[in-house]
Amino acid sequence: MSLIESPRLTPFSGAHVSFGRHESFPLRYGWLTKGFKEVHANHQALNADDATVRLGVGRNMVNAIRYWLRATRMVEADKSGLTPTAIGKKIFGPDGYDRYLEDEATIWLIHWLLASNPEQSTAWYWFFNHFHKPEFTSQEAISALVQFCQTHVTAKQATTKIKQDGAIVLRMYVQSKAAPRTPIEEALDSPLATLRLISYSSSTRRFQSRLGLRADVPIGVLGFAVAEIFDYRKAAAIPLDELMQSRSNLPAMGSVFRLNESGLLAKLEELVAKFPGEFELRETAGLQQLYKVGSITALQLLDRHYQSDMNVAA
C-alpha cells in the first residue's frame, strides 16, 4: 500500500485557489470514512464505474467525496489516482485511531485541515482567517468573499461558484432546524456543525461567529496546528499575536479555532504543561512568544492525544 506525506501547511496564494468543486454538496457524515476506505484499497476506486454502487451515492456525490477527501488533506492526487496521506491513514486507515469518526477531536482536526488548506478549500480558509465580523448576514459574508477574490485572486473566478462556496461554508457549520417537509438527506448536518463555530438566529436572521475560550478544543489537535505552523515558519519562536491572527497569509490558529486572547493563552499554557520540554511560553520586552524547544512532530502530537484517549477508555 503506497502512502504519501500529508500536504504541508501552505500560505494563501492568489494564483492557486479552488471554488465550486464539491458539486454543491456540503461534507456529510460517513463520506470521509467510506471514501477513504475505498481509496485505501484502490487508488482508482472513485473513478471506477462501480463507485456509485460501492459508496451508495450518485455520481455527483462521488465527485463531492473525492473533493472533500482532498480538501481535508486525507488523500492527495497523483499519477495513480488518489493516494492516502500519512494523516489520512493515521486517522481513517485499517488501524486508524478513529475509523468511524466517533471522536469529536477528529472533527476539530478536520476543521483545522480544511480551514488551513487555501489551495483546495479557499472559501473555508478565507472565512476562518480573514473574515472577522462577529455578527453578519449571509449576504454580508458572501459579498466580502467576492470582494476578497476580486482583490487577491489572480485568475478570474466564476462569481456564482464563489457565492455558492460562501453559502456552503455557513451551511456546513450551522446546526439545522429542519422543517417537517425537509428531505432527510437535506436535514443531515455536516459533522462540523457540532463544533458550534457558527450559529444562526432565526429571529434576527443573522449569523454569529464569535471568539471565545473554546475549552473544548482538544490540546492534541491544537498542538498539531501549532507544530504545523512552526514547521512551515522554521522559527524558534512565534509571537502570540501572530498565532492569533496571521500576518503572512498563513492560517492562524487563534482565528481558525475562534479563540479570544484569553482562550489562546489558556490553551498554550495547557499545551506547555501537557508537553513539558517541547514548548515554552516566554515574555521578552513585553512581547509574549511561544517557543518550540523540543523535537516532537505534528503527527506525534496526534499520537499522544489518541493513545491517551485509548488508555483512559481501557
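The values are calculated or read from the model by the stated rules, or taken from the named source; none is laboratory data. Keep in mind that what you see is a predicted model, and the values were worked out from it rather than measured. Backbone-built Cβ (ideal geometry, glycine too); neighbour counts: all protein chains shown. To get the accessible areas, we keep the full protein, side chains included, count just its heavy atoms, and leave off ligands, DNA and RNA. Shrake-Rupley method; radii C 1.70, N 1.55, O 1.52, S 1.80 Å.
Of ILE65, ILE87, which residue is closer than 29 Å to GLN245 by Cβ and within 18 Å of the chain's Cα centre (by Cα)? When all the criteria are applied, what remains is ILE87. Inside the range 57-79, residues that are over 25 Å from HIS111 (Cα atoms) and open to solvent by less than 70 Å² (accessible area, probe 1.4 Å) make up a count of 1.
Just to be sure before I move on: is THR106 part of a helix (DSSP H, G or I), out of contact with any Leu (no Cβ under 8 Å at 6 or more places or on another chain) and buried (at least 22 other Cβ atoms within 10 Å of the Cβ) in the structure I sent? When the stated conditions are applied, THR106 passes them.
Restricting attention to the range 149-172, the residues that are in contact with a helix residue (DSSP H, G or I) (Cβ under 7 Å, 6 or more places away or on another chain) and open to solvent by 20 Å² or more (accessible area, probe 1.4 Å) total 4. Out of the range 152-198, which residues are over 30 Å from GLU104 (Cβ atoms) and at pLDDT 95 or above? Across the range 152-198, the qualifying residues are HIS152, VAL153, THR154, GLN157, ALA158, THR159, THR160, LYS161, ILE162, LYS163. Filter the range 18-38 for residues that are farther than 20 Å from ALA123 by Cα, open to solvent by less than 40 Å² (accessible area, probe 1.4 Å) and assigned to a loop (DSSP other than H, G, I, E, B) and give the result. Hit for the range 18-38 is GLY30, nothing else.
Tell me whether the range 270-277 contains one or more residues that are open to solvent by 20 Å² or more (accessible area, probe 1.4 Å) and touching a residue at least 24 places away in the same chain (Cβ under 8 Å). Checking the range 270-277: at least one residue is open to solvent by 20 Å² or more (accessible area, probe 1.4 Å) and touching a residue at least 24 places away in the same chain (Cβ under 8 Å).
Among the residues making up the range 278-299, a single one is small (Gly, Ala, Ser), under 11 Å from ALA227 (Cα atoms) and open to solvent by 50 Å² or more (accessible area, probe 1.4 Å): SER295. When you check ALA225 against the structure, is it over 24 Å from VAL17 (Cα atoms) and in contact with a Phe, Trp or Tyr (Cβ under 8 Å, 6 or more places away or on another chain), yes or no? Taking the combined requirement at face value, the residue does not satisfy it. On inspection, TRP126 does not qualify as assigned to a helix (DSSP H, G or I), closer than 26 Å to LEU301 by Cβ and open to solvent by less than 20 Å² (accessible area, probe 1.4 Å). Being within 13 Å of PHE36 (Cβ to Cβ), without any contact (Cβ under 8 Å) to a residue 24 or more places away in the chain, open to solvent by less than 20 Å² (accessible area, probe 1.4 Å) and touching a helix residue (DSSP H, G or I) at 6+ places or on another chain (Cβ under 7 Å) holds for only one residue in GLY88, GLY96, and it is GLY96.
Let's see how each residue does on (1) in a helix (DSSP H, G or I); (2) among the basic types (Lys, Arg); (3) within 17 Å of GLY223 (Cβ to Cβ):
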residue: SER246; (1), (2), (3): no, no, no
residue: ASN249; (1), (2), (3): no, no, no
residue: GLY254; (1), (2), (3): yes, no, yes
residue: LEU265; (1), (2), (3): yes, no, yes
residue: GLY277; (1), (2), (3): no, no, yes
residue: TYR291; (1), (2), (3): no, no, yes
residue: SER295; (1), (2), (3): no, no, yes
residue: ARG304; (1), (2), (3): yes, yes, yes
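From the list ALA51, ALA15, the lone residue that is farther than 22 Å from PRO191 by Cα, touching a residue at least 12 places away in the same chain (Cβ under 8 Å) and open to solvent by 40 Å² or more (accessible area, probe 1.4 Å) is ALA15.
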